[in-house]
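These notes concern the structure reproduced below.
The values are calculated or read from the model by the stated rules, or taken from the named source; none is laboratory data. No experiment lies behind these values; they were computed from the predicted model shown. FYI the Cβ positions are ideal-geometry reconstructions off the backbone, even for glycines, and counts take in every protein chain you see. Remember, those area values only see protein heavy atoms, side chains included, never the ligands or the DNA or RNA. Shrake-Rupley method; radii C 1.70, N 1.55, O 1.52, S 1.80 Å.
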Amino acid sequence: MNSETATNQEVNVRWLSQEECIEAGAKNMDMILEYVEKVNLWLAQEKVVEPELLHLLWEEGNYSGKRIGVHASLIRSEEMKVAAVKGIPSNPMNPVNYQTPRSNGIIILYHEDTGYPFAVMDDTIVSALRTGASSALGAKYCARSDSESVGLVGCGVIQNAHIEATSKVMKNIKTVRLYDINKDKAEQFASKWAHLGCNFEICDDIEQAVAPSDIVYTATNVNLDNEYIPKEWIKKGSFHSGVSMWDHKDEAILEGFNKYCMDYKLRLKDDKYPLSELTKSGRLKSEDIVELGQVITNKQVCRESEDDSVFFVTLGICATDTANSYRIYKNAIEKELGTEVKLWSEPAMF
């Protein structure tokens, strides 16, 4: 029985493992990019409902330590009407202690008509790839179109997604500067992506990767109050996506950049994030930050000159996971992938 269209009282849920999600397209960056852009467009068109995210910290105040992110979204576009709840735990010691990924994700898809779940799926791959796609989409609309160099701080999973997505939307990249505290990881990264035809430079320090680069992505394990990028490292006309959030010092954000963009301004209500803290304290005005969907629809402008330096923030729109997971679910149905798990044969009535 197709759990999404069941008409009797029985409800089944399709379980899709990570391997099945991959077979159904989870690693297809072209698809991921397509639906990340669509979701940003749907946000601007008010076809997405997404509440504030929730972070559960195992250690109080340790935002880069063990935590569980809880996200939710509802999409009501012409193409799809679906809701989802996503949980994504993170433990930076997993790769060290268990040789397993730092983060894992599970997403539950819900039917519009009944509110019943119809799929439970791995979201680890989609979550990583859509993060890279979100930054790359920011670069597509806010970086200089003639950008030739990318600086990556950290050479882990998210940076793999960044370089793949950026290679698809920024066509003039010639140089990629890499810094990782583990130099072997930087060298392995360069070898993995050598087929892109870029000149990969392994940097001895972070400044060498950041200061001369047109596009900068930071994806590190830095924690609040350990910010390290000063305003002097911000190249005029550059685009920075602060993925790990606490890499840039306040002075760098306020004085090194003159333009600000984020994928979802509701996140300004969240605690402890750089732009939210700066707006709450009055050091930055909310109206000075544009939303990416508004730029895509030409309702607002971010970059106005070649010298504009843009600070971009993507904090993870759950709807991008939802849309991509729904597409993967549809592909899985066509490929007859997954396992039907019964929620109930007949609902208990109290």
Q. Please state the relative contact order of segment 234-288 as a whole percent: Cα pairs under 8 Å, 6+ residues apart?
A. 31 percent
Q: Take each uninterrupted DSSP H stretch in the chain, measure its Cα extent along the helix axis, and return the ones at 20 Å or beyond whose mean Kyte-Doolittle hydropathy is at least 0.0.
A: 29-44, 124-142
(Q) How large a share of the accessible area of segment 162-217, in percent, is made up of carbon and sulfur atoms when the probe is 1.4 Å and the other protein chains stay in place? (A) 44 percent
Q) Given Cα pairs under 8 Å that are at least 6 residues apart, what percent is the relative contact order of the chain? A) 23 percent
Q) Which distance in nm do the two modelled labels at Lys231 and Trp15 give, with both placed 7 Å along the Cα-to-Cβ direction? A) 5.5 nm
(Q) Give me the one-decimal nm value for the distance between modelled label points at Glu52 and Glu148, 7 Å along each residue's Cα-to-Cβ direction. (A) 4.6 nm
Q. Cα centroid distance between segment 237-302 and segment 35-70, in Å?
A. 16 Å
Q. If you count, for each residue, the other Cβ atoms within 10 Å and average over each peptide, how do 93-99, 174-180 line up from highest to lowest?
A. 174-180, 93-99
Q | Chain lengthening between Ile202 and Leu343 when straightened (0.36 nm per residue, less Cα-Cα) | A | 45.6 nm
Q) Stretch Phe350-Glu336 to full length: gain in nm at 0.36 nm per residue minus the Cα-Cα span? A) 1.4 nm
Q | Relative packing of 159-171, 319-331, which averages over residues the other C-beta atoms within 10 Å, highest first | A | 319-331, 159-171
Q | Surface accessible to a 1.4 Å probe, per residue, for the residues of the chain, Å² | A | 46 Å²
